[in-house]
Amino acid sequence: MLKLKIFLRNRNVIFLIALAASLLVPHATPLTRHLVLPALALAMSLATMEIASSVFRRPRSLLFPAFLGIIMSYVVLGNIIIGLSAFMIRDEMTWTGFVLLASVPPAIAVIPFSGFLRGNGLLSLIGTAGAYLGALVIMPLIALGLLSSAELDPFKLFIITVELIVLPLAVSRWLIQKGIRERIEPHRSTVTNWSFFVVIYTLIALNRNVILDQTMLLLPIASVSIITMFILGFLIDWVLSLFHIPKETRTSLVLLGTLKNQGLAGGLALTLFSQEAALPSAISTIVMIVYVIWLDFKKRWD
């Protein structure tokens with residue numbers, strides 16, 4: 001029983017179960033699609049407890065790492081996603097999904113991933129926090145600027161931004177202030193991982209038929225995801241190594257420059273557009289699972 005509990009708390013195992021379940025038993029999506037935004041809000045609230053309140057009290061010392069987070073997630077990764085998808089994608093809803101993916105901040109998982117990959121924890125923490133604060137302005141600007149021809153409700157986008165970024169940050173501050181963080185800390189990682197299970201399962205299951213039956217349609221989508229994770233990650237690490245940047249700093253910048261919050265992008269796509277617009281997030285999630293497992297193995301070789 002103990003081994004089973006450990007097995008079911010393992011992040012990689014949970015992600016692989018979500019992937020398998022979404023392809024083999026997709027029948028729960030009528031229920032889980034309504035749980036995506038609550039699951040994301042819960043995961044974001046718990047994950048952002050890593051960001052201590054004291055971080056926000058020293059703004060000057062945080063400007064540079066926060067700026068790096070914005071640069072890596074938006075100037076580097078966001079622009080490459082938009083550029084590649086503009087060149088390779090022809091379907092309007094798929095393009096919409098990639099624009100949403102480019103507009104969201106880094107994956108919250110950057111923070112814990114930085115820990116087990118031996119990255120620069122403070123840089124990952126502040127860089128992620130900076131990108132999330134920047135997302136309050138950048139995300140609506142990108143979406144409204146590039147999706148102006150689509151039926152995008154700016155007010156609805158604003159409300160979802162508040163629900164999935166502002167409120168989770170506020171809730172995490174409240175949990176810390178009330179001392180509840182210590183009580184839920186032993187279970188935080190497990191609850192966060194299973195919240196992502198709901199998101200991963202739903203995004204992939206909703207697009208199961210396309211994924212299994214229309215492989216050729218997926219090739220350009222998967223290509224964009226593979227390039228912006230595996231190849232871009234290699235290039236970021238290689239270029240930074242030329243400047244003799246320490247390994248732990250390179251690791252954090254690679255994570256900030258390759259991982260987007262696919263759950264948030266998929267939630268926006270399902271809420272504002274359609275399940276077809278969530279396809280890039282679904283495929284990107286599958287690629288991310290493989291990418292993170294690969295980074296884990298690569299760490300042991302370095």
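Here the gap between residue 87 and residue 230, fully extended at 0.36 nm per residue and compared with their Cα-Cα distance, gives a gain of 49.6 nm. Farthest toward the positive end of the dipole of the chain, out of 145, 100, 234, is the Cα of 234, where the dipole comes from beta carbon charges about the Cα centre.
With a 10 Å Cβ neighbour count serving as the proxy for reagent exposure, in which order, fewest first, do 284, 172 appear? Present the calculation step by step, with values, prior to reporting the outcome.
On the way: 284 28, 172 21.
Listing 284, 172 from fewest to most nearby Cβ atoms yields 172, 284.
Every Cα-Cα pair of region 145-297 was included, and the share exceeding 19 Å stands at 65 percent.
You can think of it this way: the chain between residue 10 and residue 223 has 73.9 nm of extra reach, that is 0.36 nm per residue less the Cα-Cα gap. Radius of gyration over Kirkwood radius for region 159-216, both on Cα atoms: the Rg/Rh ratio is 1.19.
Karplus-derived 3J(HN,Hα) values for region 166-182, using 6.51 cos²θ - 1.76 cosθ + 1.60 with θ = phi - 60°, are 5, 4, x, 5, 5, 5, 5, 5, 5, 4, 5, 4, 7, x, 6, 3, 5 Hz; glycine and proline are entered as x. Between residue 245 and residue 177, the C-beta separation translates, for a Förster distance of 35 Å, into a calculated FRET efficiency of about 0.45.
Taken over region 228-302, the percentage of Cα pairs per 5 Å bin, counting from 0 up to the bin with the maximum distance, is 3, 15, 22, 20, 14, 11, 8, 5, 2, 0. Take the Cβ atoms of residue 79 and residue 31, set R0 to 51 Å, and the FRET efficiency comes out at 0.85.
Close amide-amide hydrogen proximity is noted between residue 260 and 107, each under 5 Å apart and 5 or more residues distant or on a separate chain (H modeled in the peptide plane; Pro and chain starts excluded).
Return 174, 301, 95, 194 ranked ascending by Cβ neighbour count within 10 Å, so the fewest neighbours appear first. Walk me through the numbers on the way to the answer.
Details: 174 12, 301 5, 95 20, 194 17.
Fewest-to-most Cβ neighbours within 10 Å comes out as 301, 174, 194, 95.
Counting neighbouring Cβ atoms within 10 Å and putting the fewest first, the residues 291, 201 line up as 291, 201. If the segment from residue 141 to residue 64 were pulled out straight at 0.36 nm per residue, it would be longer than the present Cα-Cα gap by 25.5 nm. The reciprocal of the average 1/r between distinct C-alpha atoms defines the Kirkwood hydrodynamic radius, which for the chain equals 19.3 Å.
We did not get these values from a lab; they are worked out from the coordinates using the rules stated. Just so it is clear, the model here is predicted, and its values are computed rather than measured. As a convention, Cβ positions derive from the backbone with ideal geometry for all residues, glycine included, and neighbour counts pool all protein chains shown.
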